[in-house]
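Notes follow the structure.
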Amino acid sequence: MAEKAKQAEVEATEATEVKTAEAPVVSEAQANPEKFLQDFNWHNYQEGIDEVEDSQLKEFEKLVAENFVDTLDDEVVEGEVIHISDRDAIIDINAKSEGVISLNEFRYNPNLKVGDKVEVLIDVREDATGQLVLSHRKARVIKAWDRVNAAHETGEIVNGFVKCRTKGGMIVDVFGIEAFLPGSQIDVKPIRDYDQYVNKTMEFKVVKINHEFKNVVVSHKALIEADIEEQKKEIIGQLEKGQVLEGIVKNITSYGVFIDLGGVDGLVHITDLSWSRINHPNEIVELDQKLNVVILDFDENKSRIQLGLKQLSKHPWDALGEEVKVGDKVKGKVVVIADYGAFIEVTDGVEGLIHVSEMSWSTHLRSAQDFVSVGDEVDAVILTLDREERKMSLGIKQLTPDPWTDITKKYPVGSKHSGIVRNFTNFGVFVELEEGIDGLIYISDLSWTKKIKHPSEFCNVGDTLDVVVLELDVEGRKLSLGHKQTTDNPWDKYETEFAVGTLHTAELTEIVDKGATIDFNEDIVAFVPSRHLEKEDGKKLKKGEEAEFKIIEFNKEFKRVVASHTAIFREEEAANVKAAASSAAAEAKPTLGDANDALQALKNKMEGK
């Protein structure tokens, strides 16, 4: 400082001498004000060691006002980097002393070097060491919004530093402001690795500003869309059906593949990827793969383009050898199963249908899933072959002998066998005796004694039943079976045991409509009409009451048994009256009046009077 003050004094003296000269000349302070200010002896000036003329002082103040920065203002000024240390950058803002800025504020600009011009704001006039502290970050924030607004209005391309990932996109430093870069605005194609953009400086376009919430949205995609749009128009104008183009797999979905044709996207549906059936497009293609595709169709505006991949190769049916014919044995893989059958891929792209009726000799049809599963390797026989329609029907059952060939020997009428219950109908049960041999048991042939409304009351699917062959229709491939015929008919025995007129003691089981029922045993359930429930005292039997009953009807064919309690004592009374009348007639000849009296008495007694 002493040297600067001394130098200033010398220059001031020289200026005085020049001033007194006859001819006017420009002083060194005026000619080189920066050097004058730098060499000015501040110490002598402040201590008053040397007197300074007013004119010199005014000129000095004028030079200071014109060249030095006022550190009391909050304006953003431009400074020059004059030195860079490990931690700080020294900035000359043309003030009385240089300022210091931490290098952390220049992380967005790792290439900062001496001589660079930077914008700064005076943060602290002097710290504890008398150092001027500047802030580049605050200066950037103050200026940033002006720049961002201007860039948004003019469409100017700006540079931004990608700081980190965030939900839905990236955070970008633009002029010191944290802007949001949506994932959809990074590129025209879907981005799978966001991390590759972190810590990179890229060009962006400001597409949206929310001044209320201080939000800025930028886009990198917008910069390349203009060029792509031109390419797109050029490509669309040249599109023709049948044209083969090269493209890149842009996206893979469950229903197809999107191909980038150079700014124009087309879709290859999953059915147009391969002549063979596939479960997912990723079995055929992968992302970023280059492919040749053919244009199949497009709409009027050519905005929706349908592409094909398999059409570039020959149809497998056209390549099917002429030696393949009906009756040949083939092997294939089950690719699709439907209710009516299964599709078998004999060779790549050539499929045949095995109808469910051709999977088994059984006439009782089941689901195709009972025989095969997707992915199974099966042998089959070609039943029909239509090359023009590209259709083929196959059969599995033809690989084994028809079990009905010797049916009369294996299952003659009257023979007994065991079978598995496969299905129910309202009128009976289907029983499988062996693969391909099914028989029907009518509901009336299930039990001798039980009254069955539906076969499910008697057995379950999967049960094993003993059966007897009742009828055999070879041409119709039908077997009529019976289950009850495997045992003796108990009603043959009951016909004698419960003959009409026989007496049985039992408990009244249930009161039903128009009467009651009695369970004589597990097979015989007799019906008692209401008028036959009357006891000798005129009262009626109640549920659970035990009494003696007479069988008044037995029908083996319809399994009907009717009993009566009243008939027991009524017949006994009638017999007694008849005997008394015969005895009186033998003792005396009755008069007509006596006869009438006797008949009236008999009638009253029989009526219970």
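Lys/Arg Cβ at +1, Asp/Glu Cβ at -1, dipole of the stretch 403-482 taken about the Cα centre: which of VAL413, SER444, LEU472 is farthest positive-ward?
It is SER444.
Give me a comma-separated list of calculated 3J(HN,Hα) values for the stretch 512-521, in order, Karplus coefficients 6.51, -1.76, 1.60 applied at θ = phi - 60°, integers in Hz, x for any Gly or Pro.
For the stretch 512-521, the Karplus curve yields 10, 4, 6, x, 8, 10, 10, 9, 6, 7 Hz.
For HIS417, what accessible area in Å² do you get when you roll a 1.4 Å probe over the heavy atoms of the protein chains, rounding to the nearest 10?
Rounded to the nearest 10, the figure is 40 Å².
For SER373, what accessible area in Å² do you get when you roll a 1.4 Å probe over the heavy atoms of the protein chains, rounding to the nearest 10?
We get 60 Å² for SER373.
Skip the ligands, DNA and RNA, and give the accessible area per residue of the stretch 490-581 with a 1.4 Å probe, whole Å².
Accessible surface, normalised per residue, equals 59 Å².
Express the carbon and sulfur contribution to the solvent-accessible surface of the stretch 354-509 as a percent, rounded to the nearest whole number, probe 1.4 angstrom. Could the numbers behind the result be given before it?
Values: 4120 of 8500 Å².
Answer for the stretch 354-509: carbon and sulfur cover 48 percent of the accessible area.
Which of the residue pairs LYS189/LYS333; LYS290/LYS391; LYS189/LYS233; LYS232/LYS290; LYS113/LYS167 have a Cα-Cα distance greater than 29 Å in the structure shown? Write down the numbers at each step before the final one.
On the way: LYS189/LYS333 38 Å; LYS290/LYS391 34 Å; LYS189/LYS233 18 Å; LYS232/LYS290 18 Å; LYS113/LYS167 35 Å.
Beyond 29 Å: LYS189/LYS333; LYS290/LYS391; LYS113/LYS167.
Which cross-chain or sequence-distant (5 or more) residues have an amide H under 5 Å from the amide H of LEU112, H modelled 1.01 Å from N in plane?
Amide H to amide H, under 5 Å and 5 or more residues apart or across chains, LEU112 pairs with nothing.
Leaving ligands, DNA and RNA out of it, report the carbon-plus-sulfur percent of the accessible area of the stretch 155-225 at a 1.4 Å probe. Walk me through the numbers on the way to the answer.
Details: 1820 of 3870 Å².
Carbon and sulfur atoms account for 47 percent of the accessible area of the stretch 155-225.
Could you list which residues have their amide H under 5 Å from that of VAL336, counting only those 5 or more apart in sequence or on another chain, with H placed in the peptide plane?
Long-range HN contacts for VAL336: PHE343.
Keeping all protein chains in place, calculate the accessible area per residue for the stretch 328-431 (probe 1.4 angstrom), answer in Å². Display every interim value, and only then the final one.
Numbers: 5440 Å² over 104 residues.
Per residue, the stretch 328-431 has an accessible area of 52 Å².
Can you pull the accessible area of ASP86 for me, 1.4 Å probe, Å² to the nearest 10?
My reading of the accessible area for ASP86 is about 150 Å².
Pairs to check: LYS451/LYS542; LYS493/LYS540; LYS453/LYS556; LYS143/LYS208; LYS117/LYS143; LYS450/LYS559. Give those whose C-alpha atoms are more than 21 Å from each other in this structure. Present the calculation step by step, with values, prior to reporting the outcome.
Details: LYS451/LYS542 26 Å; LYS493/LYS540 32 Å; LYS453/LYS556 19 Å; LYS143/LYS208 18 Å; LYS117/LYS143 15 Å; LYS450/LYS559 9 Å.
Pairs exceeding the cut-off: LYS451/LYS542; LYS493/LYS540.
When a/c is below 1.5 the answer is rounded, else prolate if a/b is larger than b/c, else oblate, so apply that to the stretch 490-581 with a ≥ b ≥ c taken from the square roots of the Cα gyration tensor eigenvalues.
Oblate shape, in that a/c is at least 1.5 and b/c is the bigger or equal ratio.
How large, in percent, is the carbon and sulfur part of the accessible surface of the stretch 239-308 at a probe radius of 1.4 Å? List each step's numbers first, then the result.
Values: 1610 of 3740 Å².
Roughly 43 percent, rounded to a whole number.
Considering amide H positions built from the backbone, and no H for Pro or chain starts, which residues 5 or more places from PHE549, or on another chain, come under 5 Å of its amide H?
HIS504, THR505, ALA506
The values are calculated or read from the model by the stated rules, or taken from the named source; none is laboratory data. Note that the structure is predicted; figures quoted are calculated from it, not measured. Reconstructed Cβ throughout: ideal geometry from the backbone, glycine too, with neighbour counts over all protein chains shown. Just the protein is used for accessible areas: all its heavy atoms, side chains included, with ligands, DNA and RNA removed. Shrake-Rupley method; radii C 1.70, N 1.55, O 1.52, S 1.80 Å.
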